[in-house]
Structures are given as C-alpha cells and as structure tokens.
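> Have a look at this one.
The values are calculated or read from the model by the stated rules, or taken from the named source; none is laboratory data. All figures in this text were calculated on a predicted structure; none of them were measured in a lab. Positions of Cβ are generated from backbone atoms using ideal geometry, with glycine treated the same way; all protein chains shown enter the neighbour counts. Accessible surface areas use protein heavy atoms only, side chains included; no ligands, DNA or RNA. Shrake-Rupley method; radii C 1.70, N 1.55, O 1.52, S 1.80 Å.
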Amino acid sequence: TRREGFSSIPDVRWEDVGGLSSLRNEFDRYIVNRIKNPEDYEELGMNLETGFLLYGPPGCGKTLIAKAVANEAGANFIHIKGPELLSKYVGESELAVRILFNRARACSPCILFFDEVDALATKRGTDGGQAAERLLNQLLIELDGADQRKGVYVIGATNRPEVLDKAVLRPGRLGKLLYVPLPSAKERELVLRAVSRKMPLSTDVDLGALSQREACNNLSGADLASLVNEAAMAALEEKLQLPKAVTTGEKKPLVINASHFENAMSK
Ligand code: ATP
C-alpha cells in the first residue's frame, strides 16, 4: 500500500519478530539507542558503523527486523528493492541512488533499506557492464558520505553475500555484517508465537511440540507464517462447510485448533 522508495514509519513491532534477539541487541546498540539519545553517543565521541548487511537464507526475517528497528526508533523507513531500482530507472539508476540518499537525509532519522542489495553491488567486472559499474560507484560515493548524513542508517539485505563487491563491505560502508539464520527448533516456536499472536488459538494447539517435529526442521520464518495461515484457512473452511441449520443457531466464535494445524502440516 505504501509507495516504494518513499518514507513512512513501519508498523512492524518487535513482538512481530520471532527469535533473533541477538540481532535486536545489536541494532539497539547501533541504531535505536543512538537515535533516541544522540547526545550520549556524541559525548563519548564514538565512531560507530551506520551501514549494515543482513545476510542469510530467504524468508528468515531480514526485512521484518529492519522495519522493526525503524518502528522502535521512531524513524522513517525507505524500502528499495535492488532489482527494481535497476530495471525501473535504466540508465538513470545512479541518479535514482542520489535521489534516495537525499530523500533519506531530508527525513532523518531514517533507515534506508536495500533489499536484494546484490543486484546493485555485484562484483565489478562480472556481468552488468558499464552501467552496473557506474551504479555501484555511485552507491559507494553515497555510502562514504556517512558524515554528511547524520541520522541516516543504511541496511542492505542479501541471500548471496558472496557475489557482493568487497568494496561495499568496507568499514564505513555496509561495514557491519549480521547473519540472519534459519530458526532453530526453539526459535521456530517463537516465530509461530509471533505470527499467531493476534489469532484465536485453541488450548489444544501446542506450538512448542509442533516446532520440534522433524517435518519442521528446515522451515524458514516465512514457511512457518504460511503454516499458521493455512491452519487459519482450515478453520475458516470448516466453518463454511457446516450445514446451514448449525450456523444459523448460536454463533460460535472461530477458533484455530490442533486438527487445523494437522491439516496445514499435511499441506
Ligand atoms: P528475503 O530474503 O526473501 O527477502 P527476508 O529474510 O527479508 O526474506 P522477510 O521478508 O522478513 O524475510 O520475511 C517474510 C515473512 O516471513 C515475514 O513477513 C513474516 O511473515 C515471516 N517471517 C520471517 N521470519 C520471521 C521471524 N523471525 N519472525 C516472524 N515472522 C517471520
């Protein structure tokens, strides 16, 4: 619903994020507290990173964390998808990069989030040709200007850190690397809790036991979110299948129970 490339404060809260607490700590120290208490940080004369790279398998919460950080800090958030920036502004993507950083400065405190940043910052001399190189150079110039962009933090995200040009990862650019892993069994439970926290779950649903199952072993956060949605869908379908005589009677509240989760698991 929001226009890509424009700023807004995201509505993702930390409660919406399952697990990933060490990342939360890092971002609290590097971004949230800094935006909230800038004087303390200045007084100590610290020279801390303002650029971050989140890397790891797809669907494990990179975008979600970045949004939660902005929400927590009360900062604006600008979401850019690397491939779209390339294709929408063919030949003008350097200009687009400049405009984005200007926009971020104008609405600081601001978090500029580059999703699939590898599309903008692949190793020079691979494919892409001259246009891609010019774009990357422009990105490096903007990243180097950290002094001139107080209150602007840049977070890049990628599933393929190995294709990034090393220059992007230097200190002062996207200098702080943070791995976002597939959830462990315990973290799967936290993700299931987070994504279902506003849903009516029956007491027979045991998210702890569910998250321990072998079938859940390699599921990502996104997979777990769709599992919960499938369970909700099963609850809904069950209600719709009830004969009319039953539904017109006393209105029973919709509840997602263990059998709905079994149904979802089988899918
Ligand atoms: P990609 O690399 O594909 O862009 P990503 O790591 O940025 O993926 P997100 O977009 O943050 O992943 O996650 C996709 C969806 O999966 C989220 O909107 C959320 O519903 C769910 N999800 C993923 N990880 C988590 C998590 N740790 N806690 C709660 N929900 C999660």
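> Looking only at helices (runs of 4 or more DSSP H) that lie completely in region 113-218, which have at least 1 residues being within 16 Å of the ligand (Cβ to nearest atom) and in contact with a Ser or Thr (Cβ under 9 Å, 6 or more places away or on another chain)? Steps first, please.
Working: elements: 129-144, 185-195, 207-212.
So the answer is 185-195, 207-212.
> How many residues, within region 45-67, are modelled with pLDDT of 95 or more and hydroxyl-bearing (Ser, Thr, Tyr)?
Within region 45-67, the subset modelled with pLDDT of 95 or more is 51-67.
Keeping just the survivors that are hydroxyl-bearing (Ser, Thr, Tyr) gives 55, 63.
Of the residues in region 45-67, 2 are modelled with pLDDT of 95 or more and hydroxyl-bearing (Ser, Thr, Tyr).
> Any residue in region 33-50 that is within 30 Å of residue 183 (Cβ to Cβ) and among the polar types (S, T, N, Q)? Quick ask: steps written out before the conclusion?
Of the residues in region 33-50, the ones within 30 Å of residue 183 (Cβ to Cβ) are 33-36, 48-50.
Filter again for among the polar types (S, T, N, Q), leaving 33, 50.
Yes - at least one qualifying residue is present in region 33-50.
> Scan region 21-69 residue by residue and report those that are within 16 Å of the ligand (Cβ to nearest atom), in contact (Cβ under 8 Å) with a residue 12 or more places away in the chain and open to solvent by 20 Å² or more (accessible area, probe 1.4 Å). Break it down into steps so the answer makes sense when it comes.
In the first step, residues of region 21-69 are kept if they are within 16 Å of the ligand (Cβ to nearest atom); the result is 21-27, 52-69.
Those still in the list that are in contact (Cβ under 8 Å) with a residue 12 or more places away in the chain too: 23-24, 26-27, 52-69.
Matches in region 21-69: 24, 26, 55, 57, 58, 59, 63, 64, 67.
> Could you go through region 82-99 and let me know if any residue there is of a type in the set (Val, Ile, Thr) and assigned to a loop (DSSP other than H, G, I, E, B).
Just the residues of region 82-99 that are of a type in the set (Val, Ile, Thr), to begin with: 90, 97, 99.
Keeping just the survivors that are assigned to a loop (DSSP other than H, G, I, E, B) gives 90.
Within region 82-99, one or more residues are of a type in the set (Val, Ile, Thr) and assigned to a loop (DSSP other than H, G, I, E, B).
> Further, regarding this structure: May I ask you to list pairs of residues, at least six apart or on different chains, whose Cβ atoms are under 9 Å apart, with the first in region 148-166 being on the phi > 0 side of the Ramachandran plot and the second being open to solvent by 20 Å² or more (accessible area, probe 1.4 Å) and aliphatic (A, V, I, L, M)?
Cβ pairs passing all conditions: 151/35.
> Here's something else I'd like to know. Here is a list of conditions, (1) open to solvent by less than 70 Å² (accessible area, probe 1.4 Å); (2) modelled with pLDDT of 90 or more; (3) under 17 Å from residue 53 (Cα atoms), and residue 120 meets all of them except one; can you say which number that is?
Of (1) open to solvent by less than 70 Å² (accessible area, probe 1.4 Å); (2) modelled with pLDDT of 90 or more; (3) under 17 Å from residue 53 (Cα atoms), only one is false for residue 120: (2).
> Can you pull out every residue in region 59-81 that is part of a loop (DSSP other than H, G, I, E, B) and over 10 Å from the mean Cα position of the chain (by Cα)?
We begin by selecting, within region 59-81, every residue part of a loop (DSSP other than H, G, I, E, B); these are 59-61, 74-75.
Of everything in region 59-81, those that are part of a loop (DSSP other than H, G, I, E, B) and over 10 Å from the mean Cα position of the chain (by Cα) turn out to be 74, 75.
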